[in-house]
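Okay, structure first, notes after.
The values are calculated or read from the model by the stated rules, or taken from the named source; none is laboratory data. Everything quoted here is computed from the prediction, not taken from an experiment. A quick note on method: Cβ atoms are made from the backbone with ideal geometry, for glycine too, and the neighbour counts reach across all protein chains shown. Calculation scope for accessible area: heavy atoms of the full protein, side chains included, ligands and nucleic acids excluded. Shrake-Rupley method; radii C 1.70, N 1.55, O 1.52, S 1.80 Å.
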Amino acid sequence: MQILEPFLLQRKQFNPFQKNDMGTKKDFSTDSNYLDWLVNEPHIKQSKRQQEIQDHQIRNLVLEEVRFLQRIQRISPKLYPLAHKQIELQEWLPSIDKKQIAWVDRLTWRPTGVSDFRRIEPILVQVNKQHTVQSFNIWGEESTKLLVDNEPLILHWNIIKTLVSSAPNDGTVGRQLYFLVVDKNTKTYLGIICISSSLFDLKSLHDEIGWDRNTVHKPKSKMRNVANGQTIVATRFFGELLRGGKLLALLCTSKEVAEAWEENYGDKLVSLHTTSLYGDSEGTQYDHLDPYLYKLPAHPTQPIKPRNHIYKQLVHWMRTRYPEEYWKHFYKKNPAGNLMRDNKTRAILRCYKFLGIAESEFATNEKRGVYNSFLYKNAKDYLCDRISVEELNPADHFKTVAELTELWRFGKYGDTTRRKKDDVEWLNKIPKTDTERRQKRIKRIDRGIQEQQFVKGVVDRMSKSATNLAEMKKQGKYEKVDWYLGIEKLSWDEIEKKFFDQQMQNQKKSQVLSTSDPESGMNQNLKTV
């Protein structure tokens, strides 16, 4: 695909009140902030015919892109983000010091034995924390300075997000708390978390709370007391072997995260939600964590988003042809001083509309699962202004990092292989002479114990399977981190074959490790914990 060449006939400082070559007065806004921005923007002068040619070129370019992405999304939802990842790495890697990537590789958690899960102690390290300090000039006048940690931790966070997560590292607008999750004992990285401002258009959550559209958008709304788990990514070995994604999801609901939110922004955090990356079907790292995270009705179908090199051309076209719309999406700030939420998606949809691209052309078949956690029993009352902050009553599942880690290790059954009284009574209903039926029931009971024991159950099943940890270590499976580094050099056909085949192999592997849902690790809720 050729890069779209803009018609740069003449660049000059733009006067929004002057007439153009067609003799008609240019459209202009009464918004003074927009006009101030526009005056300093270079103006691209085009005739009507040139505009029509440019519109036709960008429309054909975008249609070709979305049809390609729709095709691969239909093959597998997990291939779609890889198309974005390929372009992202091609643009990102030249700017990154390879020594930093090697450093993150060395600091990535690796397994040493089947009892690793017993020794893991996660700590949340906030990597974008700012500090306000007092200072005095030579005349003794007092002022304050804002200092930001200069350690490379935020760079390490971004390396993990870019190379481990299949989702693009697009960042987010509004409030953002970035955490590296580090194992206290081995000083290695278990994963990353970003807690950001709540999503504005999450209808299922707003219905659950009792909000309408006006409530969400009014000034000083309780949206500031709700957060989004925008990034929840375990490092590769920790996620694959020990359900690391589930631990990180649980940690998002921890008291430590809520305290960091209040410390940084001055608002009590009473609810946290997140959305799944690959549709709303069972099998995500957020399933079966009720009540810590429980499932809501799915988020509506998401639009196909063009890859970054096409997106840049689309936005450039928007800036040229619809400057006020461009300004609203990327420069205009609300009364709180923040840019438009989810501005990239909104800008893309606006451009599709301007180009006359029908929704059927860019719609996907995949909805996104929505998962929520109320950290207080009466959170809904507070969010709907029926009680004061002093009346909030903590939920039973609102726990510390240490308590949630213990839950992740052993689930609600605990650190034991002994059958409970109810299980024994159920087994004894079968006569001892009926050996075949008793053996089937014993297997069913033991499998249920493993599923309720969460990670301990996963490890127990793994140690008995053909893919046990010791054998995989002998084969050198954990010497090198398996991340997305390298796909920037592959053709799309090579990427499609490699990762589609890998997906099929992972499904077979999951069937060996567990007879239950391969991602959940358990088939029952945690309500009794």
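Within segment 349-395, the only residue that satisfies the criterion of being open to solvent by less than 50 Å² (accessible area, probe 1.4 Å) and touching a Gly at 6+ places or on another chain (Cβ under 6 Å) is 384.
Filtered by the rule that a residue be more than 40 Å from the chain's Cα centre (by Cα) and either open to solvent by 70 Å² or more (accessible area, probe 1.4 Å) or at pLDDT 90 or above (or both), segment 13-46 gives 13, 17, 19, 21, 22, 24, 25. Taking each residue of segment 217-232 that is without any contact (Cβ under 8 Å) to a residue 60 or more places away in the chain and more than 15 Å from residue 376 (Cα to Cα) and looking for partners that are among the hydrophobic types (A, V, I, L, M, F, W, C) and open to solvent by 20 Å² or more (accessible area, probe 1.4 Å) with beta-carbon atoms closer than 6 Å, six or more apart or interchain, yields 228/199. Go through 274, 284, 235 for me and flag whichever is touching a Gly at 6+ places or on another chain (Cβ under 7 Å), over 20 Å from residue 126 (Cα atoms) and touching a residue at least 12 places away in the same chain (Cβ under 8 Å). The unique qualifying residue is 284. Criterion applied to 297, 303 was being surrounded by fewer than 19 Cβ atoms within 10 Å (Cβ to Cβ) and within 25 Å of residue 175 (Cα to Cα), and the one residue passing it is 303.
Taken over segment 50-82, the residue count meeting the criterion of being open to solvent by less than 20 Å² (accessible area, probe 1.4 Å), among the aliphatic types (A, V, I, L, M) and within 18 Å of residue 368 (Cα to Cα) is 4. Counting the residues of segment 197-206 that are in a helix (DSSP H, G or I), touching a residue at least 40 places away in the same chain (Cβ under 8 Å) and not hydroxyl-bearing (Ser, Thr, Tyr) gives 2. For segment 329-348, the set of residues classified as open to solvent by 70 Å² or more (accessible area, probe 1.4 Å) and either within 26 Å of residue 51 (Cβ to Cβ) or aliphatic (A, V, I, L, M) (or both) consists of 331, 332, 336, 346, listed by residue number. Look at (1) over 26 Å from residue 109 (Cβ atoms); (2) part of a loop (DSSP other than H, G, I, E, B); (3) of a type in the set (A, V, I, L, M, F, W, C) and you find that residue 223 fails only one, number (2).
Can we say residue 432 is modelled with pLDDT of 65 or more, among the basic types (Lys, Arg) and open to solvent by less than 40 Å² (accessible area, probe 1.4 Å)? The answer is no for residue 432.
Restricting segment 313-354 to residues that are over 29 Å from residue 298 (Cα atoms) and either of a type in the set (Gly, Ala, Ser) or assigned to a loop (DSSP other than H, G, I, E, B) (or both) leaves a set whose member that is modelled with the lowest pLDDT is 336. Residue-level analysis places residue 211 outside the set of residues that are part of a helix (DSSP H, G or I), touching a residue at least 24 places away in the same chain (Cβ under 8 Å) and not hydroxyl-bearing (Ser, Thr, Tyr).
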